[in-house]
Amino acid sequence: MLEKIKQKINESKLQLSIFGVLVIVFVIFIIKNPQTFLSYRIYYAFMSTIPFSAILALSLTPVVILGEIDLSFPSVMGFSAWVFAFVFNQTNNIYLAFVICLAVGMFAGFINSVLIVRVGIPSLILTIGMMFMWRGLVYIASAGQGLSLVGTKGTILYKALVGRIGGQVPAQAIWAVVIAIVFALILNRHRFGAHILYTGDDAVSAKMMGVNVAKVKTIVFMQVGVCAAFVGVLASLEVLYLWASTGEGYLMKSLASVFIGGTSVFGGMGTIFGTFVGAIIMGSLEAGIVVGGISGFWTQFIFGLVIVISLTIYAYMNKRINLGRKLISSIKSLFGRAKK
Amino acid sequence: MKDNAVISPTTLVTTPLVKMVNIHKSYGAVTALNGVDFVIGRNEIVGLIGDNGAGKSTLIKVLTGVEKQDEGKIYWKGKEEEKHTVENSRNIGIETVFQDRALAEKQNIWRNLFMGRELTYGRTGFIKIGQSQKEAIKLLKNMIGFTQSGLTANLGVRGLSGGEKQGIAISRALYFDAQLIILDEPTNNLSLSETNKVLDFVRGVKDHGKSCIFITHSIYHVYSVADRFVVLDRGNTVGEFLKKDVSLDGLVGKLEYVAKHGVLA
Ligand SMILES: Nc1ncnc2c1ncn2[C@@H]1O[C@H](COP(=O)(O)OP(=O)(O)OP(=O)(O)O)[C@@H](O)[C@H]1O
Ligand SMILES: [Mg+2]
């Protein structure tokens, strides 16, 4: 029994350490400003904003596990959201707008996958190009103008996506949790998730054992496009307005969430739970710093500090250096010497 | 068939298990296979031999669907395999231990054993994790005789020894009860006793009525288990011998001649 628990802990080291970071961050928040951080209001605020970058980070996790990257998602998010707003303003049909928007996102992901998987362009470079192209298209199409979405208010879809459940819980938070659970189930317990792990670990071996590597990569990139479009709709509905800049500001936050969550940039390993917690940390830091009474000038520095610290912890774990044991043994040897 | 080809009696009686006809395969400027014919009979062990770079692994990759031949046809039990992918070849009953093992090293043992053929709850695609782990342990203990204490199915493959990794690749090929088992240099990295286990296993394949392709650089190993030998040289089949027609020394002599002259006397 003890062995089993030990093994479980060993397997979940990564998840436990990121969760530890989250706890530490919130303990500091509460100590610095108990009044704010012991009331529901701040958590309500977190639940209305964090889901956006969290869903994006969740969808990026399988990409990183594949050993690939996608930097185009903020622009895909912007363009799909513009399509959503445009179709809605033309037809006044929010469902049509929503479906077309998701299709556009999927299409953008499909283009990425074709150029990466079939043509063979490295994803890092390609998606930089796509990032500029889709953002450029938003500005061309919109001429930099925003679009109002006030007309969506009161529709069932609006309530389902960004309404307040029981007047208390933002619907987008529920979406983020549901998506996280679905992604975790697929990654850990479904054959498609297994195929993502194999492909990211060793694509040649995976291919030899019959994994359709090209198909796996294609679906993963398409899924990012769909999620980006979905978040584009959420973020626009939340403010009832489409900005031509929708999506900007999510790139670094979402990527950092994946990495501080413990997913390896080398591929073949990753955790959805880690990403989810990572997104909460990234999303709450900014508000926490300001409310905690620390000068806003510290924000970027603290962001960086948290990222670097968590990456250092993972690097040590990967080297299989058991910090605890090392500490104990060095203390022991110190005492040993003292005795002599 | 080439002039000097000998056909095993078993292949004459029924349609052969596998027939590969006029297989060509090039990698850019390198011609790996140059019109190879290759037959595997029912319940036959074929030793595939030849120098480094002769094209043995490439032939196997074509047969298993990992690589697509540029030209030529593959027949399984007399029926042409038109869309020959790895998935298809595993479904019809071909399992392979590839020369470079084809493991995903960051994944654990059970995930490696079931790579590409996961045990799922029917068509839902959800993996039976508990059962996979149990089967994995059973397989490693019984088939390969892993005795290392503390062995769990959740152990990462990365930290295992060469022999243990090879054991996993071999167990994987055994698990699915295939009709044709292909072993590409399976005794690499193995100790003497482990090597004997593999050779015994190959004989066991024969006893169970199945077929096997055995590739190795050790003539002694292959001579002790195979029914027939096929010699490849620079992408061509240069000779086929039945074991009953050739002595071990005779076979070694022929291989030396091929190595020098590129053809058989
Ligand atoms: N993926 C590849 N790309 C380019 N050339 C290749 C590739 N695979 C094999 N070759 C070439 O094809 C030829 C045959 O290689 P193959 O691996 O089939 O030989 P082999 O008989 O298995 O040799 P060994 O006994 O060393 O394993 C060699 O010249 C090799 O360099
Ligand atoms: Mg080889």
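The values are calculated or read from the model by the stated rules, or taken from the named source; none is laboratory data. The model shown is predicted, which means the values in this text are computed figures rather than measured ones. Glycine gets a Cβ as well: all are built from the backbone with ideal geometry, and neighbour counts include every protein chain shown. Accessible surface areas use protein heavy atoms only, side chains included; no ligands, DNA or RNA. Shrake-Rupley method; radii C 1.70, N 1.55, O 1.52, S 1.80 Å.
Things worth noting here:
- Any hit, the range A:18-38, residues being touching a residue at least 40 places away in the same chain (Cβ under 8 Å) and within 30 Å of A:Ile116 (Cβ to Cβ): yes
- B:Lys77 being within 16 Å of ligand 1 (Cβ to nearest atom) and more than 10 Å from chain A (Cβ to nearest Cβ): no
- Complete set of residues in the range B:159-187 that are of a type in the set (S, T, N, Q) and within 16 Å of ligand 2 (Cβ to nearest atom): B:Gln166, B:Thr187
- For the residues B:Lys61, B:Lys68, the requirement of being within 14 Å of another protein chain (Cβ to nearest Cβ) and crowded, with 16+ Cβ neighbours inside 10 Å singles out B:Lys61.
- Qualifying residue in the range A:67-90 (condition: in a loop (DSSP other than H, G, I, E, B) and open to solvent by less than 20 Å² (accessible area, probe 1.4 Å)): yes
- Residue list for the range B:112-135, restricted to those being open to solvent by less than 20 Å² (accessible area, probe 1.4 Å) and more than 7 Å from chain A (Cβ to nearest Cβ): B:Asn112, B:Leu113, B:Phe114, B:Ser132
- Check on A:Leu58, more than 26 Å from A:Ile116 (Cα to Cα), in contact (Cβ under 8 Å) with a residue 60 or more places away in the chain and either open to solvent by less than 80 Å² (accessible area, probe 1.4 Å) or in contact with a strand residue (DSSP E or B) (Cβ under 6 Å, 6 or more places away or on another chain) (or both): no
- Checking each residue in the range B:33-52 for being near ligand 1 (Cβ under 7 Å from one of its atoms) and crowded, with 24+ Cβ neighbours inside 10 Å picks out only B:Gly50.
- As a summary of the residue check, A:Val169 satisfies the conditions (1) over 22 Å from A:Ala54 (Cβ atoms); (2) surrounded by fewer than 21 Cβ atoms within 10 Å (Cβ to Cβ) except for the one numbered (1).
- Residues of the range A:283-303 classified as closer than 22 Å to A:Tyr250 by Cα and open to solvent by 30 Å² or more (accessible area, probe 1.4 Å), total: 11
- Only residues that are touching a residue at least 24 places away in the same chain (Cβ under 8 Å), assigned to a strand (DSSP E or B) and within 16 Å of ligand 2 (Cβ to nearest atom) were counted across the range B:28-52, and they come to 9.
- The set of residues in the range B:191-236 that are within 16 Å of ligand 1 (Cβ to nearest atom) and part of a loop (DSSP other than H, G, I, E, B) comprises B:Thr216, B:His217, B:Ser218, B:Arg234, B:Gly235.
- Check on B:Glu87, open to solvent by 20 Å² or more (accessible area, probe 1.4 Å), touching a residue at least 12 places away in the same chain (Cβ under 8 Å) and within 13 Å of chain A (Cβ to nearest Cβ): yes
- Candidates A:Ser310, A:Ser245: the one that is among the polar types (S, T, N, Q), open to solvent by less than 10 Å² (accessible area, probe 1.4 Å) and more than 30 Å from A:Lys207 (Cβ to Cβ) is A:Ser310.
- Annotation: of all residues in the range B:92-111 being more than 7 Å from chain A (Cβ to nearest Cβ) and over 18 Å from the mean Cα position of the chain (by Cα), the one that is nearest to ligand 2 (Cβ to nearest atom) is B:Ile109.
- Residues that are facing chain B (nearest Cβ under 8 Å) and either among the acidic types (Asp, Glu) or open to solvent by 20 Å² or more (accessible area, probe 1.4 Å) (or both) within the range A:196-229 comprise A:Asp201, A:Asp202, A:Val204, A:Lys207, A:Asn212, listed in sequence order.
- Residues of the range A:248-261 that turn out to be open to solvent by 10 Å² or more (accessible area, probe 1.4 Å) and in a loop (DSSP other than H, G, I, E, B), as a count: 3
- Exactly one residue among B:Lys244, B:Lys210, B:Lys206, B:Lys197 is among the charged types (D, E, K, R), more than 16 Å from ligand 2 (Cβ to nearest atom) and under 30 Å from B:Gln107 (Cα atoms), and that residue is B:Lys197.
- Hits in the range B:53-66 (condition: within 6 Å of ligand 1 (Cβ to nearest atom) and either in contact with a Lys or Arg (Cβ under 8 Å, 6 or more places away or on another chain) or without any contact (Cβ under 8 Å) to a residue 60 or more places away in the chain (or both)): B:Gly53, B:Ala54, B:Gly55, B:Thr58
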